[in-house]
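Scroll down for the structure; my scribbles are underneath it.
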Amino acid sequence: MSRPEDLLPPDLFYNDTESRKYTTSSRIKSIQASMTHRALELLDLKEPSFILDAGCGSGLSGEILSSIPDVEGGPHTWVGMDISSSMLAQALQRDVEGDMMFADMGQGVPFRPGTFDAAISISAIQWLCNADSSDVSPEGRLKRFFDSLYASLRRGGRAVCQFYPKNPQQRAMISNAAIKAGFGAGILEDDPETKNVKLYLVLTVGGGDITGTVGGMQDVDVQDARRRGEKQKRGWEFDAHNRKGSKAWIQRKKGQMEGKGKVVKANSKYTGRKRRIVF
Amino acid sequence: MKLLTLNFLTCARKTCKATAASFPLHCREVELEQVEMDPNPLFIKNMLPRLDWKAMKGLTQELGLPQLPNEAPSEEELQGADGEPTQVLNDLHTLLMETSVVSGKLVCGNCEYEYPVKDGIASFLLPSHMV
């Protein structure tokens, strides 16, 4: 399947026809709705909050944010930003409740520090990996976006960005940019190894352990890259114990030689011991 | 664009970030609109500590809206003894949530760049040489 990201820049790709198609397609609507609900679940908002919707498009996800009933902590108030004027025109026609801005995420989020309780972004941030003119780079745009997003969220705030990376490199580039900006970051993968795989980049501002955000959820396996690093470290320590000349190393080598059919001296309590210093 | 949002917007230029004058943005030739909305007392209560009251007061002066008190109302003033929303809360709701800018210009106090607002949508797209 072709990726729209490979065809045109977002402001040109989502022209009037594409925007109308996107907004009226019931399939896209239902996918968007389910992803927004999943993102909200990850944000875990208890009270009516002020939310940034980066890449709001025609306000499909915003609509859901303002329709959350008060028993579930809603309704939320949101501000959306998008680079496609046709998408925003669609949103105006549909008369959504949130405020919208015509802006490029790659130029930063123009809000003062600590503005938002949370941020949400559905199928948008992979567009930041495109550089459409020679004076910008994907890394620069990602840095600008995540740095300003980090600043605009209040302490303890969360951001959930669902995105479609083109390849593992792009996925790493996006998550590394978020980590560099200061976020605690994790990626939640829904339906892994299927065609419908959905990636959610979950970001916290000064909120401690990221794995806590999925603590209450069912059917979520936590794969902690940091913990893997720890295991690797332990492995390395084990290697140090097993270094050349140590008792374990000698015994391993003797075993190997025995396996090859060589004549090897039997192991005893003196094997691999240092000799007593005579003088 | 709600006046609430306006209380958080700053100039998008990198060079303006460090200067205090990039917030608040000043309104020029703006047209206002009142949109009915359901009141959300809890939300207002949550947002109150985050509001920049001085900027809010300056904004109402610029727009020719009724004067605000010098100090931001406290949390207790929002709710009456019987748990009913007070007049203060209703006024805040009308000002922050229901009053919105339909068209005009938002001007940065530092670089004088004008961000146009059309149909309630502000354009913060900068030409690449100004980013």
Which residue pairs have Cβ atoms under 9 Å apart, sit 6 or more places apart or on different chains, and have a first residue in segment B:38-63 that is under 19 Å from B:GLU75 (Cβ atoms) and a second that is open to solvent by 30 Å² or more (accessible area, probe 1.4 Å) and in a helix (DSSP H, G or I)?
-> B:PRO39/B:ASN90; B:ASN40/A:ASP70; B:LEU42/A:ASP70; B:LYS45/B:GLU75; B:LEU48/B:GLU75; B:PRO49/B:GLU75
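Hey, can you tell me all the residues within segment A:84-97 that are within 9 Å of chain B (Cβ to nearest Cβ) and either buried (at least 23 other Cβ atoms within 10 Å of the Cβ) or without any contact (Cβ under 8 Å) to a residue 12 or more places away in the chain (or both)?
A:LEU88, A:ALA91, A:LEU92
Which of the following residues is over 25 Å from A:SER2 (Cβ atoms) and in contact with a Lys or Arg (Cβ under 7 Å, 6 or more places away or on another chain): A:ALA151, A:ALA159, A:ALA118, A:ALA178?
Values: A:ALA151 fails: in contact with a Lys or Arg (Cβ under 7 Å, 6 or more places away or on another chain); A:ALA159 fails: in contact with a Lys or Arg (Cβ under 7 Å, 6 or more places away or on another chain); A:ALA178 fails: in contact with a Lys or Arg (Cβ under 7 Å, 6 or more places away or on another chain).
Unique residue meeting the criteria: A:ALA118.
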Pick from segment A:136-152, criterion hydrophobic (A, V, I, L, M, F, W, C) and open to solvent by 10 Å² or more (accessible area, probe 1.4 Å), ranking: nearest to A:ALA33 (Cα to Cα) = A:ALA151
Can you spot a residue in segment A:149-169 that is of a type outside the set (D, E, K, R) and at the interface with chain B (Cβ under 10 Å from one of its Cβ atoms)?
-> yes
Any chance B:ALA12 is touching a residue at least 40 places away in the same chain (Cβ under 8 Å), facing chain A (nearest Cβ under 9 Å), under 22 Å from A:PHE111 (Cβ atoms) and not aromatic (Phe, Trp, Tyr) | yes
Go through segment A:59-85 residue by residue and tally those that are hydrophobic (A, V, I, L, M, F, W, C) and assigned to a helix (DSSP H, G or I).
-> 4
Kindly list the number of the only condition in (1) over 30 Å from B:CYS108 (Cα atoms); (2) out of contact with any Gly (no Cβ under 7 Å at 6 or more places or on another chain) that fails for A:ARG94.
-> (2)
Select from segment B:97-131 the residues that are on the phi > 0 side of the Ramachandran plot, more than 12 Å from every other protein chain (Cβ to nearest Cβ) and touching a strand residue (DSSP E or B) at 6+ places or on another chain (Cβ under 7 Å) and list them in ascending order.
-> B:GLY104
Take segment A:110-135 and flag every residue that is away from chain B (no Cβ under 14 Å), under 23 Å from A:HIS37 (Cα atoms) and not in a helix (DSSP H, G or I).
-> A:ILE120, A:SER121, A:ILE122, A:SER123, A:ALA124
In segment A:31-56, what count of residues is obtained for those that are away from chain B (no Cβ under 14 Å) and open to solvent by less than 10 Å² (accessible area, probe 1.4 Å)?
-> 5
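The values are calculated or read from the model by the stated rules, or taken from the named source; none is laboratory data. All values reported here derive from a predicted model rather than from experimental measurement. When we count neighbours, we look across all protein chains shown, and the Cβ atoms used for this are built from the backbone with ideal geometry, even at glycine. Please note that ligands, DNA and RNA were not included when accessible areas were found on the heavy atoms of the full protein model with its side chains. Shrake-Rupley method; radii C 1.70, N 1.55, O 1.52, S 1.80 Å.
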